[in-house]
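Asks: Dumping the structure here so I can ask a few things about it.
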């Protein structure tokens, strides 16, 4: 029996960094993308009411309770996205379940799925779980991490089944603009592949040059587009595990069968909480938006003070920044790793060593850029979902660490 | 304390709502059912506003349709949610509006939200609809659901309360609703895609532009295109068209 599979699925590097961080006292974490807020009160109250009214103890319909799907469709309509709540919306146990169920429904073993490089770390394992092969498409850092359409087309083969991407992008915090998205859609039609558009950070757009555009607004590809949204980040509900997907009814039917096999239905208490989020938490959403913008400005100011260490593309959205580490700095820190960390270095590269040094010496947890794809090497991801105090403390610690190294 | 406060607000708003409706006597179109109420309301508002103008027709803001939501919708006030002070302000505003406000729309399009036995009776103590529309009776759960029979009884209450001069619109594609027709004193108009619907959609097709169908009512035919997906939009369009033709 083969015990080691080249396609084996490992624990996400983000969670690995969090685990390492949890074993070291006094660490400030800018690693995992978790909002610093508690779930808003109106959402919690509605969930408690649903529990008290005896609504949550039993399975809901596999695609979710009707009231929630109807409100989701109404909200989507406000954003120029049109879906039939009865046939085309499935409420899922987090967006990663939506993604995995979709890939399981669409892929045959050995099918290829294009993913931007860098992109969210959990996409690769999800593709592998579904028997697919992730194929990285490098983004152009100097072009604000945009798609290179020629590079994208070069990587399309007869085995290409889908493109999976996150817009706004994690880890870069940048947005894919309308023109690029239309070019991607044209390629999808030309080469007949599906598009999974994960838009978990769409509510946190700070100052992009143009209005945020979603491919779900484009009717011409509605038979090949799967739109995914999670309540986790927008409404501080990561622990509730609740999200949804919207797609053409033919695709929805296939995905629903997998979703039913995987989880039967999304947690019913969380479905009621999600309903409250859409109906009652607009104020909170606006409040979070303002706070994240302030934190984005703070982290950029602190990064600007470390120009000799980092250069970065200013994020226009989400709550991540993805600075490139100065080559000389990286060489100095990653040249002679201590024996205890050699294994980690072999698994990754300079960004791993850099992140581990930051964790162990500066007591600041970040995520090594290599975790997000080959183009992520020489970068680290910092999350500004954390409080301003945490951001300031983390940068104070880093500044001290770099000063001690005389960098 | 919270429960006492809720009951007080509920009672106070109910009295003021009854007073306002007695004073202005608007034509009331009530929409009930498990899903699709908001879509139907939006279509009716759109169609009637085309005919009567923006100020003459009002609907529930958001989906205010419960024992507290409905009076707020009629009095045109926001919810105080969990804030005592907001509610205090709202109760004062409600009294001023009820007694002094001269302007009131001639037609109200109201969603009636029903979850348990007795809800419909309570709402109908406040509003006396001229037209009642029932969209469907559907469950959100997979197990045999006795609560659907309770909801069906609540819908029956609504059908029974519409006077001979009124109209009841029932979804002919929903077996539970078809059976309610016999309890009505009012004129019943059935709508849907199934045979036997008085207002009927046929040849329903979906493409990237949306949905298209042939609509037949009172021997009149019309080819319809709507840029949205889902059967509930077809129903909403039909209902709005029928309501506009009645008024």
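The values are calculated or read from the model by the stated rules, or taken from the named source; none is laboratory data. In this text the structure is predicted, and so the values were computed from the model without any measurement. Note: ideal-geometry Cβ built from the backbone for every residue, glycine included; neighbour counts use all protein chains shown.
Asks: Go through region B:122-141 residue by residue and tally those that are within 14 Å of another protein chain (Cβ to nearest Cβ) and in contact with a strand residue (DSSP E or B) (Cβ under 8 Å, 6 or more places away or on another chain). Give the steps one after another, and end with the answer.
Replies: Here is the first cut: in region B:122-141, the ones within 14 Å of another protein chain (Cβ to nearest Cβ) are B:135-141.
So of that shortlist, the ones also in contact with a strand residue (DSSP E or B) (Cβ under 8 Å, 6 or more places away or on another chain) come out as B:135-136, B:140-141.
Selection size over region B:122-141: 4.
Asks: Another question about this same structure. Within region B:84-106, does at least one residue satisfy the condition of being surrounded by 14 or more Cβ atoms within 10 Å (Cβ to Cβ) and within 14 Å of chain A (Cβ to nearest Cβ)?
Replies: Looking for residues that are surrounded by 14 or more Cβ atoms within 10 Å (Cβ to Cβ) and within 14 Å of chain A (Cβ to nearest Cβ), one finds none in region B:84-106, hence no.
Asks: One residue is enough: does region B:229-247 have a residue meeting the conditions more than 14 Å from every other protein chain (Cβ to nearest Cβ) and over 19 Å from the mean Cα position of the chain (by Cα)?
Replies: Within region B:229-247, not a single residue is more than 14 Å from every other protein chain (Cβ to nearest Cβ) and over 19 Å from the mean Cα position of the chain (by Cα).
Asks: Among (1) touching a strand residue (DSSP E or B) at 6+ places or on another chain (Cβ under 6 Å); (2) under 30 Å from residue A:400 (Cα atoms), there is one condition residue A:69 misses while meeting the rest; what is its number?
Replies: Here residue A:69 meets the rest and fails (2).
Asks: Give region A:371-383 a look and list any residue that's in contact (Cβ under 8 Å) with a residue 60 or more places away in the chain and outside any strand (DSSP E or B), or say none. Full working, then the answer.
Replies: Applying the first criterion (in contact (Cβ under 8 Å) with a residue 60 or more places away in the chain) to region A:371-383 yields A:371-376, A:379, A:381-383.
Listed by number, the residues that qualify are A:371, A:372, A:373, A:374, A:375, A:376.
Asks: Taking residue A:99 as the residue in question, decide whether it is in the same structural domain as residue A:240 (by TED's automatic domain parsing), touching a strand residue (DSSP E or B) at 6+ places or on another chain (Cβ under 8 Å) and within 27 Å of residue A:64 (Cβ to Cβ). Can you show your working first?
Replies: Numbers: in the same structural domain as residue A:240 (by TED's automatic domain parsing): yes; touching a strand residue (DSSP E or B) at 6+ places or on another chain (Cβ under 8 Å): yes; within 27 Å of residue A:64 (Cβ to Cβ): yes.
So residue A:99 passes the test.
Asks: Here's another thing I want to ask about it. Going through A:219, A:178, A:224 one at a time, which residue ends up being buried (at least 16 other Cβ atoms within 10 Å of the Cβ), free of Cβ contacts under 8 Å to residues at least 40 places away in the same chain and within 14 Å of another protein chain (Cβ to nearest Cβ)? Before the answer, list the steps.
Replies: Numbers: A:219 fails: free of Cβ contacts under 8 Å to residues at least 40 places away in the same chain; A:178 fails: within 14 Å of another protein chain (Cβ to nearest Cβ).
Result: A:224 is the single residue among A:219, A:178, A:224 that is buried (at least 16 other Cβ atoms within 10 Å of the Cβ), free of Cβ contacts under 8 Å to residues at least 40 places away in the same chain and within 14 Å of another protein chain (Cβ to nearest Cβ).
So that you can scan it fast, the table gives a plain yes or no per residue for (1) surrounded by 16 or more Cβ atoms within 10 Å (Cβ to Cβ); (2) in contact with a helix residue (DSSP H, G or I) (Cβ under 7 Å, 6 or more places away or on another chain):
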position: B:181; (1), (2): no, no
position: B:193; (1), (2): yes, no
position: B:204; (1), (2): no, yes
position: B:211; (1), (2): yes, yes
position: B:221; (1), (2): no, no
position: B:233; (1), (2): yes, yes
position: B:239; (1), (2): yes, yes
position: B:242; (1), (2): yes, no
position: B:245; (1), (2): no, no
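Asks: Same structure again: So if I check each of B:152, B:147, which one is more than 20 Å from residue B:70 (Cα to Cα), outside any strand (DSSP E or B) and within 14 Å of chain A (Cβ to nearest Cβ)?
Replies: Details: B:152 fails: within 14 Å of chain A (Cβ to nearest Cβ).
Matching residue, one of B:152, B:147: B:147.
Asks: Is there a residue being surrounded by 19 or more Cβ atoms within 10 Å (Cβ to Cβ), more than 25 Å from residue B:247 (Cα to Cα) and within 14 Å of chain A (Cβ to nearest Cβ) anywhere in region B:28-38?
Replies: yes
Asks: Scan A:286, A:261, A:257, A:281 and give me the residue that is crowded, with 17+ Cβ neighbours inside 10 Å and closer than 30 Å to residue A:86 by Cα.
Replies: Working: A:286 fails: crowded, with 17+ Cβ neighbours inside 10 Å; A:261 fails: crowded, with 17+ Cβ neighbours inside 10 Å; A:257 fails: crowded, with 17+ Cβ neighbours inside 10 Å.
On inspection, the qualifying residue turns out to be A:281.
Asks: Scanning region A:124-140 for residues that are in a helix (DSSP H, G or I) and out of contact with any helix residue (DSSP H, G or I) (no Cβ under 7 Å at 6 or more places or on another chain), which turns out nearest to residue A:381 (Cα to Cα)?
Replies: Here is the first cut: in region A:124-140, the ones in a helix (DSSP H, G or I) are A:124-129.
Cutting the leftovers down to out of contact with any helix residue (DSSP H, G or I) (no Cβ under 7 Å at 6 or more places or on another chain) gives us A:124-125, A:128.
Details: A:124: 17, A:125: 19, A:128: 23 Å.
Selected residue: A:124.
Asks: Does residue A:194 fit the bill of being over 26 Å from residue A:380 (Cα atoms) and within 21 Å of the chain's Cα centre (by Cα)?
Replies: yes
Asks: Another question, if that's okay. If you go through region A:49-64 one residue at a time, do you hit one that is in the same structural domain as residue A:397 (by TED's automatic domain parsing) and in contact with a strand residue (DSSP E or B) (Cβ under 7 Å, 6 or more places away or on another chain)? First the steps, then the outcome.
Replies: Going through region A:49-64, the residues in the same structural domain as residue A:397 (by TED's automatic domain parsing) turn out to be none.
For region A:49-64, residues in the same structural domain as residue A:397 (by TED's automatic domain parsing) and in contact with a strand residue (DSSP E or B) (Cβ under 7 Å, 6 or more places away or on another chain): absent.
Yes/no per residue for (1) in the same structural domain as residue A:143 (by TED's automatic domain parsing); (2) buried (at least 17 other Cβ atoms within 10 Å of the Cβ); (3) touching a residue at least 24 places away in the same chain (Cβ under 8 Å):
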{"residue": "A:270", "(1), (2), (3)": "yes, yes, yes"}
{"residue": "A:274", "(1), (2), (3)": "yes, yes, yes"}
{"residue": "A:277", "(1), (2), (3)": "yes, yes, yes"}
{"residue": "A:290", "(1), (2), (3)": "no, no, no"}
{"residue": "A:300", "(1), (2), (3)": "no, no, no"}
{"residue": "A:305", "(1), (2), (3)": "no, no, yes"}
{"residue": "A:309", "(1), (2), (3)": "no, yes, yes"}
{"residue": "A:315", "(1), (2), (3)": "no, yes, yes"}
{"residue": "A:319", "(1), (2), (3)": "no, yes, yes"}
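For (1) on the phi > 0 side of the Ramachandran plot; (2) at pLDDT 95 or above; (3) more than 14 Å from chain A (Cβ to nearest Cβ), each residue gets a yes or a no:
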site	(1), (2), (3)
B:184	no, yes, yes
B:192	yes, yes, yes
B:204	no, yes, no
B:208	no, no, no
B:213	no, yes, yes
B:220	no, no, yes
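Asks: I would also like to ask the following. For residues that are touching a helix residue (DSSP H, G or I) at 6+ places or on another chain (Cβ under 9 Å) and surrounded by fewer than 22 Cβ atoms within 10 Å (Cβ to Cβ), scanning just region A:363-389, find the one that is farthest from residue A:122 (Cα to Cα).
Replies: A:388
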